[in-house]
Amino acid sequence: MKKYRQSQRLILLSVILSLCAFLIAWFFWNEAIHSVNLGYHYGFIGRGGVFKYHSIHLNSHTISLYWLMHLVGIVFMCVLNLYRRKQYKIGAMHAVITALLSAVSGFIGAKLLYILENIQQILVSGIQFGGVSFFGALFIIPAAVWMIQKLLRIHNPLFLDYCVPSALLMLGMIRIGCFLNGCCSGIHLTVNGNYCVVPVQLLECGFDFLILAYMLYSEIHHIYTGKHYPLLLLGYGTVRFLLEFLRSTPKVWIGFSNGQCFALLAIAVGMILWQSKKQV
């Protein structure tokens, strides 16, 4: 009963985080469309309804809000893994190590795909620390989980089910970082004569947390046992494909962006894995 109540709290928290993301998106959008000569009521709102400050300053140190949200996301991954570890018979130390290794491998996967997408630019300017492609993190999950499982000698056949929700949580937290940083922004529109930027990062974040809530709900009711990864591919792929129409990314492939092509690939792979009788 205690485990069930803890899971219910996690589901409720995920829904609350989702609603907060949507409400904050509405708040910034509302401020943008009702501004007068780009004059906003609050100092933290920038031109078009974006977040104005990309970093915080502590004495002589400058802390990027984007990377700060990565660190917060890693902490949340550890907490989520610890909360759910007993039902998968995972030790506390292994739960934390799994979260840390998942975060590192996700970054590597996202970085590798970004390099492939921007190979010509990379050859000219070299590899920079910034710049990632989320689908790289998504597609690398099975291989990363397999390596973590071998490294930690975990024999649970549902270990992938255990790892996927925390990866999804991390994606949502990074999207908050994108909004704070002003990257991955939405399309620019003129509404009521005002210049506006669609807060698509927060919209994606809100949907990520909704998918997470549904995944945790299915987990405690044993609805999609062994299917968390295809559920992630289908859910995130669909959300990302639709929201890409609201992003300012170049549409290069028959009117679709790179993100939409990867989203369609994720949906296709998700459907194949979903139909598979073998647990993923």
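Numerical summary
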quantity: Charge dipole of the chain about the Cα centre (unit charges at C-beta), most positive-ward option of P157, V36, Y224; calculated: P157
quantity: Spin-label model distance (nm) - I272 vs L12, 7 Å beyond Cα toward Cβ; calculated: 4.2
quantity: Anchor K227: aspartates and glutamates whose Cα lies under 20 Å away (excluding residues fewer than 8 positions away in-chain); calculated: D161, D208, E219
quantity: Residue order, fewest to most surrounding Cβ atoms within 10 angstrom, among I176, I63; calculated: I63, I176
quantity: Nearest-ten-degree value, helix 228-243 long axis tilted from longest Cα axis of the chain; calculated: 10
quantity: Farthest toward positive dipole pole in the range 134-280 [+1 Lys/Arg, -1 Asp/Glu at C-beta], among L171, S257, S276; calculated: S276
quantity: Loop-resident sites, the range 51-97, for trypsin sites (Lys or Arg not before Pro), counting at most 14 other Cβ within 10 Å (DSSP); calculated: K52, K89
quantity: Net lengthening on full extension, K89/H221 (0.36 nm per residue, minus Cα-Cα); calculated: 45.8 nm
quantity: Distance cut-off 31 Å, percentage of C-alpha pairs in the chain lying past it; calculated: 29
quantity: Candidates per chymotrypsin sites (Phe, Trp or Tyr not before Pro) in the range 45-91, loop by DSSP, up to 16 other Cβ within 10 Å; calculated: Y53
quantity: Cα gyration tensor, the range 189-262 - rounded (a/c under 1.5), prolate or oblate; calculated: oblate
quantity: Nearest 10 degrees, 0 to 90: helix 200-220 Cα axis against the chain principal axis; calculated: 20
quantity: Whole-Å distance, taken between Cα centres, linking the range 255-278 and the range 16-42; calculated: 33
quantity: Förster radius 45 Å - calculated FRET efficiency between F44 and L151 (Cβ-Cβ, nearest 0.05); calculated: 0.60
quantity: Candidates per chymotrypsin sites (Phe, Trp or Tyr not before Pro) in the range 101-198, loop by DSSP, up to 11 other Cβ within 10 Å; calculated: F129
quantity: Net charge dipole size for the chain [Lys, Arg +1 and Asp, Glu -1 on Cβ; Debye, nearest 20]; calculated: 960
quantity: Cα Rg, Dmax (largest Cα-Cα span) when computed across the range 1-122, Å; calculated: 19.7, 58
quantity: With Cα atoms, 0 to 90° folded angle of helix 258-275 axis to the chain main axis; calculated: 20
quantity: Mean ellipticity per residue at 222 nm, deg cm²/dmol - from DSSP H runs of n ≥ 4 across the chain, formula -39500 (n - 2.57); calculated: -22000 deg cm²/dmol
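All of the numbers you see were taken from the coordinates with simple rules; none came from a lab. Please read these numbers as outputs of a predicted model, since none were measured by experiment. Cβ atoms come from the backbone with ideal geometry, glycine included; neighbour counts cover every protein chain shown.
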